[in-house]
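> I am attaching a structure below and will ask some questions about it afterwards.
The values are calculated or read from the model by the stated rules, or taken from the named source; none is laboratory data. Here the structure is a predicted model, which means the values were calculated and not measured. Cβ placement follows ideal geometry from the backbone for every residue including glycine, while neighbour counts extend to all protein chains displayed. Calculation scope for accessible area: heavy atoms of the full protein, side chains included, ligands and nucleic acids excluded. Shrake-Rupley method; radii C 1.70, N 1.55, O 1.52, S 1.80 Å.
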Amino acid sequence: MNRPVVTGGAGFIGSSLVRGLLAAGAGRVTVVDNLLTGREENLEEVRGSVELIRADIRNYAELAAALRGAGTVFHLAAIPSVPRSISDPVPSHEVNVDGTFNVLRACAEGGVRRVVYAASSSAYGGSEVLPKVESMAPDPRSPYAAQKLAGEYLARTFHLCFGVETVSLRYFNVYGPRQDPSSPYSGVLSLFIRSLLERTPPLIHGDGGQSRDFTFVEDVVDITIKAARARSAAGGVYNAGNGGRYTLNSVWDLLQSIEGVKIPARYGPPRGGDVRHSQADVTAAARDLGHRPRFSLEEGLRRTVAWHRDARMKKSGGS
Ligand SMILES: NC(=O)c1ccc[n+]([C@@H]2O[C@H](COP(=O)([O-])OP(=O)(O)OC[C@H]3O[C@@H](n4cnc5c(N)ncnc54)[C@H](O)[C@@H]3O)[C@@H](O)[C@H]2O)c1
């Protein structure tokens, strides 16, 4: 891969993508990140092959300088949280919409050939039809969902009007190593795993019957790299999911059985902006990108639990 740049590359998914790009033969990867939720330590053992540019995608001049000479840009930088977009909508709009516009503009002006954009399954919102197919009308139910959808539309128009080859991938509930469980806005599985390892009951918002297409981060990395290469994908929007569907209650059951413990969950009021069910149709991604998910939920959870256990031991000074 020619001179790849990953915005948000110090974050959860971005730092796995950086590793995936290096493993796929990129000699060096540039990361553009303001370290809002990302961390330098996420890039620890690959640091020698990474140029980390601390820049804010809201600052056009800084960003354009950072993207100069890039071959492919993977745009993952965002404030990626539904509840945060409701409690504090201005920064998430500025980063997710204005920042995305800046990235696309800098790519068009700098002659970047392809941009792969991290879109979101939240675009499908309230529609009850399952699985979600890319041709369905979007129905965003939160500022975050609307912002990520606006990014897709911007990406497509930059393809149509300015010739940038954009590909949008609607990521479905990604989980895996380096997902940060330390904030109330964190992904549900990282919070579940923290509860599991601390032997405390997790808090489930609503009745736990809501379901998600949980997708292991390695599969997301795989489809993201394929999207950068697939010739026919330019201008397209693709689901990046596993194709399965699990309720929160069943995932908590599975985690308990992996760990051999019994810890009843606590239940609280449902969260605003949450959708009830989500599941990806993965036909178009298989056809156009040649992508087939490799990880079952159980295998992905086992690897993620093992990573968190190891990270906690390192932090506490154990071996
Ligand atoms: N995690 C999921 O389940 C999921 C689902 C759908 C879509 N996505 C999308 O995937 C992308 C990555 O999400 P993630 O889960 O890895 O989250 P993350 O918070 O770990 O990563 C986001 C990264 O963007 C950086 N960032 C934030 N604001 C910035 C700014 N103004 N300038 C430069 N960098 C900035 C953060 O520091 C962080 O490193 C996001 O675009 C998100 O919307 C994630």
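> Given Cα pairs under 8 Å that are at least 6 residues apart, what percent is the relative contact order of the chain?
Normalised by residue count, the contact order of the chain is 17 percent.
> Can you tell which of S81, S120, S92 shows the greatest fluctuation in a Gaussian network model of the chain with Cα springs below 10 Å?
S81
> Check cross-link reach from K226 to the aspartates and glutamates: straight Cα distance under 19 Å, and skip same-chain residues fewer than eight apart.
K226 reaches E134, E152, E165, E218, D281, D288.
> Given the protein chains as shown and a 1.4 Å probe, how many square angstrom of E51 are accessible, to the nearest 10?
90
> In the Gaussian network model of the chain, springs joining C-alpha atoms below 10 Å, which of A55, A24, A284 carries the largest mean-square fluctuation?
Result for the chain, Cα springs under 10 Å: A24 fluctuates most.
> Would you list, by chain and number, the aspartates and glutamates whose Cα falls below 19 Å from the Cα of K315, excluding same-chain residues fewer than 8 positions away?
Answer for K315, where 19 Å is the Cα cut-off: E40, E41, E44, E45, D180, E198, listed by chain and number.
> List the residues whose amide H sits under 5 Å from the amide H of F74, counting only those 5 or more places along or on another chain, with H placed 1.01 Å from N in the peptide plane.
It is V5, V6, T7, V116, by chain and number.
> Can you grab the distance from the C-alpha centre of the stretch 278-306 to the C-alpha centre of the stretch 8-37, Å, no decimals?
20
> When DSSP assigns beta bridges and you keep just the ones with both residues in the chain, what percent turn out antiparallel, to the nearest 5?
5
> Quick check for me: using +1 on Lys/Arg Cβ and -1 on Asp/Glu Cβ, what's the dipole size of the chain about its Cα centre, in debye to the nearest 20? Don't skip to the end; give the middle numbers.
Values: 38 positive and 32 negative charges, 85 e Å.
That gives the chain a dipole magnitude of about 400 debye.
> Apply 1/(1 + (r/R0)^6) to the Cβ-Cβ distance of S87 and S135, taking R0 = 35 Å, and write down the FRET efficiency to the nearest 0.05.
So, using R0 = 35 Å, E works out to roughly 0.60.
> For the chain, which semi-axes, largest first and in whole Å, follow from the square roots of 5 times the eigenvalues of its Cα gyration tensor?
Value: 30, 23, 18 Å, ordered largest first.
> Taking amide H positions as placed 1.01 Å from N in the peptide plane, with prolines and chain starts having none, which residues 5 or more places from L52, or on another chain, fall under 5 Å of its amide H?
V31
> Just A230, A150, A118 to compare: in a GNM of the chain, with alpha carbon springs under 10 Å, which one fluctuates most?
For the chain, modelled as a Gaussian network with Cα springs under 10 Å, the answer is A230.
> In nm, give the distance between the simple-model label positions of M313 and N2, each being 7 Å from the Cα along the Cα-to-Cβ direction.
4.5
> Also, quick follow-up: Using the Karplus curve 6.51 cos²θ - 1.76 cosθ + 1.60 with θ = phi - 60°, work out ³J(HN,Hα) for each residue of the stretch 146-162 in order, rounded to whole Hz, and write x for Gly and Pro.
Residue by residue, the stretch 146-162 yields 5, 5, 5, 5, 4, x, 4, 5, 4, 4, 5, 6, 5, 5, 5, 9, 10 Hz.
> Please give the residues of the stretch 289-315, grouped as numeric ranges, whose backbone N is less than 19 Å from a label point set 7 Å along the Cα-to-Cβ vector of D253.
Within reach of a label on D253, which here means backbone N under 19 Å from a point 7 Å along Cα→Cβ, the stretch 289-315 contributes 296-302.
> Shape of the stretch 199-319 from its Cα gyration tensor (a ≥ b ≥ c, root eigenvalues): rounded if a/c is under 1.5, otherwise prolate when a/b > b/c, or oblate?
Since a/c reaches 1.5 but b/c is at least a/b, the shape of the stretch 199-319 is classed as oblate.
> What does the net charge come to around V82 if you take all other residues with beta carbon closer than 13 Å to its beta carbon, with K and R at +1 and D and E at -1?
Around V82, the charge tally is +3.
> Another one. Between T283 and S232, what FRET efficiency follows from the Cβ-Cβ distance if R0 is 22 Å, with the result rounded to 0.05?
Step by step, r from the Cβ atoms, then E = 0.90.
> I'd like the accessible area for I57, computed on protein heavy atoms only with a 1.4 Å probe and all protein chains in place. Round to 10 Å², please.
Approximately 10 Å² of I57 is accessible to the 1.4 Å probe.
> Using the Cα gyration tensor of the stretch 1-122, with a ≥ b ≥ c the square roots of its eigenvalues, what is the shape: rounded (a/c below 1.5), prolate (a/b larger than b/c) or oblate (neither)?
Since a/c reaches 1.5 but b/c is at least a/b, the shape of the stretch 1-122 is classed as oblate.
> Can you list the residues, at least 5 places off or on another chain, whose amide H is less than 5 Å from the amide H of I204, using H built in the peptide plane?
The list, which skips near neighbours in sequence, is R266, Y267, G268.
> At 20 °C and a viscosity of 1.002 mPa s, what translational diffusion coefficient does Stokes-Einstein give for the stretch 42-188, taking Rh as the Kirkwood radius over Cα pairs? Give it in µm²/s as a whole number.
In µm²/s, the coefficient is 131.
> Tabulate in residue order the Karplus-calculated ³J(HN,Hα) for the stretch 119-130, using 6.51 cos²θ - 1.76 cosθ + 1.60 with θ = phi - 60°, rounded to whole Hz; enter x for Gly and Pro.
Once θ is set to phi - 60°, the couplings for the stretch 119-130 become 8, 9, 5, 4, 4, 6, x, x, 4, 8, 6, 10 Hz.
> Return the carbon/sulfur percentage of the accessible area of the stretch 101-241, one whole number, probe 1.4 Å, all protein chains in place.
Carbon-and-sulfur percentage of accessible area, whole number: 53.
> Same structure again: Rolling a 1.4 Å sphere over the protein heavy atoms, what is the accessible area per residue of the chain, to the nearest Å²?
43
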